[in-house]
Amino acid sequence: MEQAKGFPKDFLWGGAAAAMQIEGAYNVDGRGFSISDVFTFDPTLDKKHWLDQWHMMTHAQVNEALDPNSTKNYPKRRGNDFYHRYEEDINLLVPRWVLNASALPFPGHVFSRMATRQNPMRKGCNSMTRFLMPCWYQGIEPVISLTHYDMPLYLVTEYGGWKNRKLIEFFVRFAETVFTRYKNKVKYWITFNEMNCVKHHPFVSAGIIEENHPNLEQDKYQSAHHQFIASALAVKACHEIIPNSQIGCMISYLLLYPNTCNPDDVLECQKEERVSFFFSDVQARGYYPSYTARMFKEKGVVLHKEPGDDEILRDNLVDFVSLSYYMSNNASATADQHAKASGNLIGGVKNPYLEQSEWGWQIDPKGLRYALNNLYDRYQKPLFISENGVGATDQMSPDGTINDDYRIDYLKKHIEQMREAIEDGVDLFGYTAWGPIDMISASTSQASKRYGFVYVDQDDLGNGTLNRYKKKSFDWYKKVIESGGEVL
Ligand code: BG6
């Protein structure tokens, strides 16, 4: 057996999930619709269309989703029924797991009630406590993301999403309430999930309906500015309310390589990379980087800032930077002329050296080492991998076993590269694999795109018992955690 060299003793190991993909119970306990409840799954459409839907939302789709007589299939409303099975699910985890409870389970719920000004916090917080209790009992350290693609739909239809500055106030009030309530119990927090993705899917990230939008780029970056301010004020509140807390930002690390050593490709790669780095640059360094001046000019963006905004950003830096990492792509100045690889947020030019997952995502463990080194060089702040994993169509054998060796292989190779990055000098303090229990895919709304160590008996149409079964990877990952990464 291989011996790990570099993982610190207090390294945080665990799994991550998002409320919008597991919770279900969309109409229970006073919960309102969130933006994720609008996405449908239609088996008659091809895979390409499911991905397009994630990128693009229309007014007609939103109106249909709000119609109580709609007969469409909305899988995220079902999730995997974690809302009712949370005790069983959490009891499956072992002590020393960290549950990166991205927005788990109800901040969106709380946020929504606040926005509608009804009995703002009580029910939402009670629900969250209900979920957190067994975590504390089991010795599981929660890491909570304040929001993960689950803003209340009401904030889209009534306020126009994050382009409305009013949302800063709502978000900060929500954050302060949650911090106050859990100040003695939760140390690690993340503000926004994958904030850089507003560029690629403005509806799920910022509540912007793209269809016939007159000035999309302007609204995307204005929304991002509001989220930066909201995030910085949440950091401030967190530090004031919970003195020993650690609060971070999060980006989807969309790793890019230049397709060739042609300087045009190299420059294109740098340009595309900056569209993502921009988001962690502002939150980790506290100011808009100089390259944004030209970037905004070329996009016709004129940012509206209020007096004091620059100081808020400067004075409230995140303590750590977290990232999701699934794949890499190539960037080319002549991208249209090359074969493509896929992804949930963004695809790119195909890399001939890499294999692809069933969904066409390029598998690149060494890219993770490169990404971690890059981020650490850039910020010199502790790093946390909040998502990493592979979606696959797992099959249950007649004897009830699920032999997901490909998942073990994927995770093992990525963990090895994390270890290498630590040896390189990177301060990496935690890793939460996506996601411990099968859930609904964010991008395709399928239940059959599975990431979990635990199999959930449910198909894309919601048929199945919802019973849970441990996969082969479950015992493997349990050993990884119990050995602190020594046994891979
Ligand atoms: C991340 C999202 O980008 O990718 C998750 O934060 C998502 O919510 C994960 O589930 C995997 O993507 P998908 O589309 O396969 O579920």
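The values are calculated or read from the model by the stated rules, or taken from the named source; none is laboratory data. Small disclaimer: the values here were computed from a predicted structure and weren't measured. Cβ coordinates were reconstructed from backbone atoms using ideal geometry, including for glycine residues, and neighbour counts include every protein chain displayed. Each accessible area value is taken on the protein alone, full model and side chains, heavy atoms only, with ligands, DNA and RNA left out. Shrake-Rupley method; radii C 1.70, N 1.55, O 1.52, S 1.80 Å.
Look at Asp409 and say whether it is out of contact with any Asp or Glu (no Cβ under 8 Å at 6 or more places or on another chain), in a loop (DSSP other than H, G, I, E, B) and at negative phi.
In short, no.
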Pick out the one residue from Tyr182, Tyr159 that is at pLDDT below 90 and among the hydroxyl-bearing types (Ser, Thr, Tyr).
Tyr182
Conditions (1) within 13 Å of the ligand (Cβ to nearest atom); (2) part of a loop (DSSP other than H, G, I, E, B); number of the one not met by Ser386
(2)
Filter segment 389-422 down to residues that are within 16 Å of the ligand (Cβ to nearest atom) and open to solvent by 50 Å² or more (accessible area, probe 1.4 Å) and give me whichever is nearest to Phe7 (Cα to Cα).
Tyr406
Out of all the residues in segment 462-476, is one or more part of a helix (DSSP H, G or I), open to solvent by less than 20 Å² (accessible area, probe 1.4 Å) and out of contact with any His (no Cβ under 9 Å at 6 or more places or on another chain)?
yes
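Is one or more of the residues making up segment 343-352 surrounded by fewer than 17 Cβ atoms within 10 Å (Cβ to Cβ) and more than 16 Å from the ligand (Cβ to nearest atom)?
Yes, there is a match, as at least one residue in segment 343-352 is surrounded by fewer than 17 Cβ atoms within 10 Å (Cβ to Cβ) and more than 16 Å from the ligand (Cβ to nearest atom).
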Being at pLDDT below 85 and among the hydroxyl-bearing types (Ser, Thr, Tyr) is the filter here; which residues of segment 27-52 pass it?
Thr44
Specify which of the listed residues (Tyr410, Tyr379) is touching a residue at least 24 places away in the same chain (Cβ under 8 Å), closer than 30 Å to Arg285 by Cβ and out of contact with any His (no Cβ under 9 Å at 6 or more places or on another chain).
Tyr379
Limited to segment 423-454, what total is found for residues that are more than 16 Å from the ligand (Cβ to nearest atom) and in a strand (DSSP E or B)?
3
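Would you pick out the residues in segment 53-79 that are assigned to a loop (DSSP other than H, G, I, E, B) and of a type outside the set (A, V, I, L, M, F, W, C)?
If we filter segment 53-79 for residues that are assigned to a loop (DSSP other than H, G, I, E, B), which is where we start, we get 56-58, 67-74, 79.
Thr58, Asp67, Pro68, Asn69, Ser70, Thr71, Lys72, Asn73, Tyr74, Gly79 - these are the residues of segment 53-79 that are assigned to a loop (DSSP other than H, G, I, E, B) and of a type outside the set (A, V, I, L, M, F, W, C).
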